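See structure below.
The values are calculated or read from the model by the stated rules, or taken from the named source; none is laboratory data. All of these numbers come straight from a predicted model, not from anything done at the bench. Neighbour counts are summed over all protein chains in view; Cβ atoms, including those assigned to glycine, are modelled from backbone coordinates with ideal geometry.
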Amino acid sequence: MLSPINVSMESLNLITLAPMLIPVVGALLILIIDIIKVGLHKSLYVVLSLLFLAMDFIAVVDSSGVFIANGTTFGLFDVMLIDGLAILAEFIIVGASMLFIPLAMTHKRFHEFSYPEFFALFLFMIAGFQFMVATDNLILIFVGLETSSLALYTLIAMHNRDKSFEAAVKYFTMGALAAGFFSFGAMVFYMLTGSIEINKIALVLAANGYADMGFVLIGVTFFLAAFGFKLSLIPFHTWAPDVYEGSSASMAGYMSIVPKIAAFVVAMRFFEFLVHSGNAWLDIVLYIVVVVTMTASNMWALVQTDVKRMLAYSSISHAGFVMAAILIGTTQANTALFLYWILFSFTNLGSFSMLWMSRQKHLPDYQSSDHSYNKFAGMIKTAPIASVIVGLFMLSLAGLPPFALFWGKLYMISSAVAGGYTVLALIMALNSAIAGYYYLKLIIYMFMKEPLQGSDSCAYATNITLALKTIVGIAAIGTIFAFVAINPLLEFITAFVHNSGY
Amino acid sequence: MLDHILSILIFFPAIAAVFGFMIQKDSIRAYGISVATIEFGLSLWLWFTFDGNVSGMQFMENLPLVPSFGVNYILGVDGISLFIIVLAAFFTMIGIASLTETPNEKNMIITILFLQMTMAGVFAALDAIVFYVFWELSLVPMLYIIGAWGGPLRIYASIKFFLYTFAGSLVMLVGMLFMAYFFYQATGTWSFALLDWYRLILPETLQLWLFAAFFIGFAIKVPMFPFHTWLPYAHGQAPTIGSVILAAILLKMGTYAFIRFSLPLFPDASAAFMVPIAVITIIMIIYTAMIAYAQKDVKQVVAYSSISHMGVIILGTFALNVEGITGSIFLMIAHGVVSGALFLLVGVIYDRRHTKLMSEFGGLAHIMPRYATIFGIMLMASVGMPLTINFVGEFLSLLGFYQQSHILTLLAGTAIIVGAIYMLSAYKKMFFGDVTKEENKNLPDINKRELVALIPLSVIAIWLGIYPKPILEPINNSVEAVVRLMHNKAQSELAKERIPNLVKERASVIKKTVIEEEVH
């Protein structure tokens, strides 16, 4: 006989679910509208998505109020979790999505944006990411991961070029592999501890003093591989440049930010207790992964001939740089991770939008790919403002003060110094210097070379729309005046990270 | 307004540069000259209101920037930085005024105004991060000036310049972060304020490491042997104005930073590294002087001689006593004036003949007598002839180091002889003898625009050579404060021995005067 279950609404704590439900409702609404009346203009869907994202944002603000008042809160049979990490990550996810979605207001020739399904999938994807970061439960993390990834594969394929099919299939295959690794890892930990909740796993493992070290290491290896794929850490990075190249520039920029922050938060939850368990093996492996990811992707970026591929490798390098925070594992480092990622999302989304803006319809003879370096030769002469803005984003990515990313780098390297990782701090600094070269290369093409014969000055602005200009403007202002916002951001993030116990 | 004069000095040219975008192309030169003149006027006013008898910081400004991480916008000047700020404003002014016809003049002038912002910022900043911001930011305008208006190898030269300095300063940044972390460990609060750091006494082993981290950043900027290879390329490819500002101001950032950061923060390490650094500077002085002698291109001669003189500046700095440091700061200004003028002079002849090879000239003294005269004056100043500006600085620097090591000073002194050899031989090749080339026969002499820049420089070079006191005294006061701080902070025997105790010296000075009075 099953005993009857009494569930009171209060113990469910439904507010924990509210931020995820809003985009789901929005996505369903968009689908319903499409069923009722076909062929509506995409501007409707863009604005609707924007509205739902704004509501989502407000819901996250609300739950941050709950967090400030009550501390870490569980809900829905203790599956959902509101803590500082979840809220910060949701802010970044929703905020970056709000910056991304207006980019859909482009010309007709990019027809993926005219399908309402695009926007529905987009909102489902955001809900997936939010589930991923706002839970402690490995199964729900897995569900969130798969929801978001499957939606993302489709979004990439909808770009409808040969290369984007290739990219989507590649991403799908690699993603499936990562999902497999993830479930294997979860299985191992379930076998060891009888639990699928990270904090319980940590408790049980600590209680028996990591007795089954061999199995823990197997589980960790699986997880490391799964996160390696999602975060494009070397040697699991091979999909990243091709997928970035295949998808539209704006989508590539989005992919370099939002999926990664979700994966970072899960990685932080999962590796945090393992790093502090005194397990030397994990430290060494993470150290190697971080250093190799930073350095090798920088080397590859040096030899790229296409700006988009260069930016893809540079995003890998940035991910490696930020992964160092998880290795260091102090409150300062975890704060630095969020600070870095917020600043990075402005700068990187801005630079990918500038590429998106210059996407031509037909490739001229002298261009071997969509965004080859020589396309930008002499851009200062034909499009001075655009080239100054691109230059600004490049300098910020290179970590030149006082632009946005400098502060992230500063705080991150400082956390390495304070955490006792002297050599790592030096490697991080020198990698920034190496990275300086390929960012500089684009600046040199733009400012110091003569325009190529037969290039037309409109090429940089073929795809320009008001929405795009606005987004780029926001990104540029955020990049230049970041120094004003650093202090409030730092205090806010530190409070949230510290109060969640990381 | 005086409370914020340093902020005004820093941001006025930047704001003016932003507004400069609105100005019509043909009128931009007048705009640039007026802005630079106002800036120079402001810097003179700063000098005028500066109290030369005070050794500490003046015109301090403090604004929290990222208080939770200890980054504050702190500015201030003392005798060490004041004159370099004035010099920077002066060179920006005459640089723009003497600018010859260039393509994209508007971009050039706006870039120079931005550069002026960063230069004023570096020398006024008293917070390590603010200092670092301006230090790094100064690379961008210079990169653009070299890369966009330079010679055939300009892109290679500009990248080399940027990456070299960028890599060095990132190592320095790690050093700064360590310094802030040690401060945090000692006091419980983060701080990047330089005056806070001055109070921190570090164990000697830590000092050695941090000194090395800062040293890499500064030494590349100076540039010290063996990190000097970017400079000849940068000078060789840069347009005249780029070389002038690079040699006169940007290189001084490195030597200034040694005095501002390395010496007071790490007195024990400075004393410990004194001899190795002195050996490097002597190699640098003699080696680059010899390379200069072998050059065919007159601009390269000036560039290498510039490195050679920077060696004397570093040598004076690491004498670690008042004479040496005062001398090195004075030599910074002197070298700024003289090498800036020499690069301007090279630019004059390059504009006329579009070549810098000395073999293309000869007998120019007959054709361009005024040019030859000014070149001669500057050349004499450059080799350090008495009664010229360089002599005072070189003499004091060497005098300072003489108290530490006689042999090393003697070796460094030979450089002045080598300097005289290559400079005079270059002068001979260009100006004396018969006019051999047909193209040289009808070269016009210096025009008014060029005179505007060169006459004041010649006047300064001679005036400060004869009467250096108005500049020397404020420098001396501030340097005494630095040396006193270093002596008090020093822990090792070696450092106590090498850094003089000024309190004692003062007492002996008083005694001497008493005796003199008794005699009379």
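Would you call residue A:54 surrounded by fewer than 17 Cβ atoms within 10 Å (Cβ to Cβ), modelled with pLDDT under 90 and not in a loop (DSSP other than H, G, I, E, B)?
No, not satisfied.
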- Message: Would you confirm, using the coordinates I've provided, whether residue A:59 is without any contact (Cβ under 8 Å) to a residue 12 or more places away in the chain and either within 23 Å of residue A:334 (Cα to Cα) or surrounded by 15 or more Cβ atoms within 10 Å (Cβ to Cβ) (or both)?
- Response: no
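Could you please find all residues in the stretch B:266-281 being assigned to a helix (DSSP H, G or I), surrounded by fewer than 24 Cβ atoms within 10 Å (Cβ to Cβ) and touching a helix residue (DSSP H, G or I) at 6+ places or on another chain (Cβ under 9 Å)?
B:272, B:274, B:275, B:277, B:278, B:279, B:280
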- If you go through A:60, A:79, the only one that is closer than 25 Å to residue A:199 by Cα and in contact with a strand residue (DSSP E or B) (Cβ under 6 Å, 6 or more places away or on another chain) is A:79
- Note on the structure: Inside the stretch B:483-505, the number of residues satisfying the requirement of being surrounded by 12 or more Cβ atoms within 10 Å (Cβ to Cβ) and at pLDDT below 70 is 1
- Task: Inspect the stretch A:100-110 for any residue being more than 17 Å from the chain's Cα centre (by Cα), closer than 22 Å to residue A:14 by Cα and of a type outside the set (S, T, N, Q) and give the result as yes or no.
- Result: no
- Query: Across the stretch B:85-141, which residue is farthest from residue B:48 (Cα to Cα) among those that are assigned to a helix (DSSP H, G or I), among the polar types (S, T, N, Q) and within 14 Å of chain A (Cβ to nearest Cβ)?
  - Reply: B:107
- Picking from B:110, B:84, B:129, the residue that is modelled with pLDDT of 90 or more and either among the basic types (Lys, Arg) or under 15 Å from the mean Cα position of the chain (by Cα) (or both) would be B:84
- Item | Members of the stretch B:147-158 that are within 9 Å of chain A (Cβ to nearest Cβ), buried (at least 23 other Cβ atoms within 10 Å of the Cβ) and aliphatic (A, V, I, L, M) | B:148
- Task: Kindly indicate whether residue A:375 is more than 14 Å from every other protein chain (Cβ to nearest Cβ) and not acidic (Asp, Glu).
- Result: yes
- Message: Of the conditions (1) more than 14 Å from chain A (Cβ to nearest Cβ); (2) assigned to a loop (DSSP other than H, G, I, E, B); (3) surrounded by fewer than 21 Cβ atoms within 10 Å (Cβ to Cβ); (4) of a type in the set (A, V, I, L, M), residue B:8 satisfies every one except a single condition; which number is it?
- Response: (2)
- Task: Find the residue count for the stretch A:416-446, including only residues that are within 16 Å of residue B:174 (Cβ to Cβ), more than 7 Å from chain B (Cβ to nearest Cβ) and assigned to a helix (DSSP H, G or I).
- Result: 9
- Any idea which of A:413, A:385, A:389 is within 8 Å of another protein chain (Cβ to nearest Cβ) and β-branched (Val, Ile, Thr)? A:413
- Item | Options B:376, B:362; residue that is part of a loop (DSSP other than H, G, I, E, B) and not aliphatic (A, V, I, L, M) | B:362
- Inside the stretch B:337-359, the number of residues satisfying the requirement of being more than 25 Å from the chain's Cα centre (by Cα) and part of a helix (DSSP H, G or I) is 5
- Message: Kindly evaluate residue B:285 against the criterion of being out of contact with any Asp or Glu (no Cβ under 8 Å at 6 or more places or on another chain), aliphatic (A, V, I, L, M) and closer than 30 Å to residue B:488 by Cα.
- Response: no
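Okay, residues lined up against (1) among the aliphatic types (A, V, I, L, M); (2) within 30 Å of residue A:107 (Cβ to Cβ):
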residue: A:210; (1), (2): no, no
residue: A:229; (1), (2): no, no
residue: A:251; (1), (2): yes, yes
residue: A:262; (1), (2): yes, no
- Query: For residue A:399, all conditions in the list (1) modelled with pLDDT of 90 or more; (2) facing another protein chain (nearest Cβ under 9 Å); (3) closer than 19 Å to residue A:297 by Cβ hold save one; what is the number of the exception?
  - Reply: (1)
- Among B:23, B:33, B:5, which is the only one that is at pLDDT 90 or above and of a type in the set (A, V, I, L, M)? B:33
- Task: Would you mind finding the one in B:424, B:443, B:464, B:454 that is surrounded by 12 or more Cβ atoms within 10 Å (Cβ to Cβ), touching a Lys or Arg at 6+ places or on another chain (Cβ under 6 Å) and in contact (Cβ under 8 Å) with a residue 24 or more places away in the chain?
- Result: B:443
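Residue-by-condition table, conditions (1) out of contact with any helix residue (DSSP H, G or I) (no Cβ under 7 Å at 6 or more places or on another chain); (2) more than 28 Å from residue A:110 (Cβ to Cβ):
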| position | (1), (2) |
| --- | --- |
| A:235 | yes, yes |
| A:240 | no, no |
| A:245 | no, no |
| A:254 | no, no |
| A:258 | no, no |
| A:272 | yes, yes |
| A:275 | no, yes |
| A:280 | yes, yes |
- Query: Going by the structure shown, is residue A:313 in contact with a His (Cβ under 9 Å, 6 or more places away or on another chain) and part of a helix (DSSP H, G or I)?
  - Reply: yes
- Message: Going residue by residue through the stretch B:61-71, is there one that turns out to be of a type outside the set (Val, Ile, Thr) and within 21 Å of the chain's Cα centre (by Cα)?
- Response: no
